[in-house]
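Read-outs: derived from the displayed coordinates by stated rules, not from any lab. Quantities reported herein were computed from a predicted structural model and do not represent experimental measurements. Positions of Cβ are generated from backbone atoms using ideal geometry, with glycine treated the same way; all protein chains shown enter the neighbour counts.
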Amino acid sequence: MKRLLLLAVLVLPLVLRAEVTVSPLFGDHAVLQKAAKVPVWGKAAAGEAVTVSIAGTSATATADANGVWRAVLDLSTKDAGPYELTIQGVGGSKPVVATDVLIGEVWLASGQSNMEFVLKNSTGAPAELAASANPQFRQFLVKKKLSPTPLDTVEGSWAVAGPDTAGNFTAVGYYFGRKLQKELGAPVGLIHTSWGGTPVEGWTRKEALDTVPDLKEGADKGIAAFLTYPEQAKAYAETLQAWEQQNDRALPLPADVSSYAGTAVTATPEAGWKPVKIPGTLASAGLPDAGAIWLRRTVTLTATDIAARAAVDCGPIPGFETFYWNGERLAGTKPTDGGITGNRHAYIDGKVKLQAGEGVFAVRIASPAGGAAVPSFIRWGSLDLSGEWQAKVEKELPPLSPEAKAAFPPWLPKAPREQDVVAHLYNGMLAPLIPYAIRGAIWYQGEHNSGRAFQYRTSFPLMITDWRAQWGEGDFPFYLCQLANFGTCATAPGDSNWGELREAQTKALALPNTGMAVLIDVGDEDDIHPRDKKTPGERLAAVALANTYGKGVPFAGPSYASMAVEGDAVRVRFTHVGGADGGLVAKPIPSDYAPKSLAPDVRKPLVRNVPQSQLEGFALCGDDHKWFWGEATIDGDAVVVRSKDVPKPVAVRYAWSNNPLCNLYNGAGFPAVPFRSDEFPGVTEKAKF
């Protein structure tokens, strides 16, 4: 027995030391950067030595007091592989082994929904997926995670490109990486970490934001609002419930919602249903403005609608609402959700099974305090549900006394989303990736910051600079997508928050080793998520091939260099027009266009702003700062702009709107960068975080 106890005492430390783990980034099918310093890390017992081996080279590290170890490999001379990556603890225990590991080029892909947008939902996806088998091209998808403090690990795994996997690759990243892999003949790995509808501040460390006073002030307010909101909502719920009980205004859901929202319901006048139009008013249909009211109509869903899994949007409702499809709840708001006096944007419950064909879309509006109204609009993804609906009163409430109305607790402000809180995205989805060896990063974000575009001039370069500092690899390449065109096509020149956001993105190119893909020609009027992701991805790839890999390829469109007033005209000069860039080109303007690339056969006539002009999109102003469209003509490596309404021009703009009509390119096929020569105060200059 004594010998057995002695043996246990001697063996136990070896057993403990054998528990070596490694970050999931170093799992099967990983792509490691071909570089002189490639960190590999994980955890082990404190003080334990860990050896990492691959391709005939190895490195050893010792776990610190917290059990964290990091070994650094030199893979600068290694071939592509594949190899086994072996992580071995002291004492000869069973090693951790990752198989089918390649050595090549690794790029980080990050941003919001247009980077998150997956290949299977993009234009030409079926054919692309069928031909996507490529063992030299892979993606690590970072699982969404938010955290108030930096995490030390991620959830995710590597996937090899192929018909069964590539559909879930970031579409922009897929076309970027595929182009690189083909041109370089080397393995390419993407680390994809994105989250739709998120601000740049969420992807930035709090410590970095604290270095800028107005960003620090906004960050602190946002954190405080997020932390205190649950208690505010709880207190509000109690106050509202007490008010409802005191005034007999409670509006609980009926026991059987199918009697209002189900497919078996006959929405006839005999059954109490009345026609009502959206947009319109409840009063015009003889319906009360306080109580619970149902709206319903027949809707036909296509397979495309279902695949898009789009959100429901509607105008303000003085109360709260619930959306139903064939009697099943899709989404909705509660009084404690806050912000319910504004427009609604409701994501569909992922558990709801949608089927193509005709069904019943219904909305329950609950307005305990009165003021119930028909929404000014309702959209379900690409479906505009304006028109005639049927309405029925579930419960009518009598008018409130002045005293009761005055005692009604005002609706809560909009609930803060955690993904909007500073650094929570960085902490959960970026910090755990550092210091994985990468060649560079690609980025598609900015829509969420368009209301604070002027401040983006500061916050965006701050994020880039801080990422580089945290990685410790120097000024690694950082290439971004400029915002695509979106919204109603501009018919008059003037100010634009998206124009200002694009300008802020352009100004970020003052940082070293940056580049930009201009997308002013690939967006949609009716969809903030254009389906063409091949063009953005391949334009980013051109930037990388030219600037990171030294390939002599064109990579940018005409970029504003200077302007000079010549009498009643302005002469504008550009870079990226000579040599391989092929000079300035006026791209032919079509007679019609598709407002949504998801429905390419639905066309609208294109109305030109200056039909007689060679170029569209240029505008001039005089000392009065009133903007007018200009007639613009290519003259060698310059553009000459004049307008009969501006005899003495002082400034010129190009493509300066959310969705401009513009057609200046270079011979290499790249669109001109939107610009303005002036520095007049913009519409977002006073908007703060």
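In a DSSP loop and with at most 16 other Cβ atoms within 10 Å, the chymotrypsin sites (Phe, Trp or Tyr not before Pro) in the stretch 290-359 are Tyr347. Among the lysines of the stretch 559-672, pairs at least eight places apart or on separate chains and with Cα atoms under 26 Å apart come to 6. Taking 23 Å as the straight-line reach from the Cα of Lys392, the lysines in range (excluding those fewer than 8 positions away in the same chain) are Lys274, Lys277, Lys334.
Here Lys144 is the anchor, and the aspartates and glutamates within straight C-alpha reach of less than 16 Å, apart from those fewer than 8 places off in the same chain, are Glu116, Asp152, Glu155, Glu418, Asp420.
Hey, how many Å between the Cα centroid of the stretch 413-492 and the Cα centroid of the stretch 166-211? Taking the Cα centre of the stretch 166-211 as reference, the centre of the stretch 413-492 is 11 Å away.
Cross-link candidates for Lys507: which aspartates and glutamates have Cα within less than 19 Å, leaving aside residues fewer than 8 places away along the same chain? Output for Lys507: Glu201, Glu447, Asp466, Asp475, Asp495, Asp678, Glu679, Glu685. Shape annotation for the stretch 630-689: C-alpha extents along the principal axes are 43, 33, 18 Å, from largest to smallest.
In the structure shown, the pairs Lys182/Lys533; Lys37/Lys145; Lys34/Lys94 are assessed against 24 Å; a Cα-Cα span above that value is assigned to Lys37/Lys145; Lys34/Lys94. Taking the Cα centre of the chain as reference, the dipole from Cβ charges on Lys and Arg (+1) and Asp and Glu (-1) amounts to some 1040 debye.
Note on the chain: dipole from Cβ charges, positive end direction compared against Leu282, Val299, Leu129; the farthest Cα belongs to Leu129. Taking trypsin sites (Lys or Arg not before Pro) in DSSP loop states with no more than 10 other Cβ atoms inside 10 Å as exposed sites, the chain has its longest site-free stretch at 1-350.
A straight line joining the Cα centroids of the stretch 497-569 and the stretch 217-271 runs 45 Å. Shown here for the stretch 523-560: chymotrypsin sites (Phe, Trp or Tyr not before Pro) in loop regions (DSSP other than H, G, I, E, B) with at most 13 other Cβ atoms within 10 Å, of which there are none.
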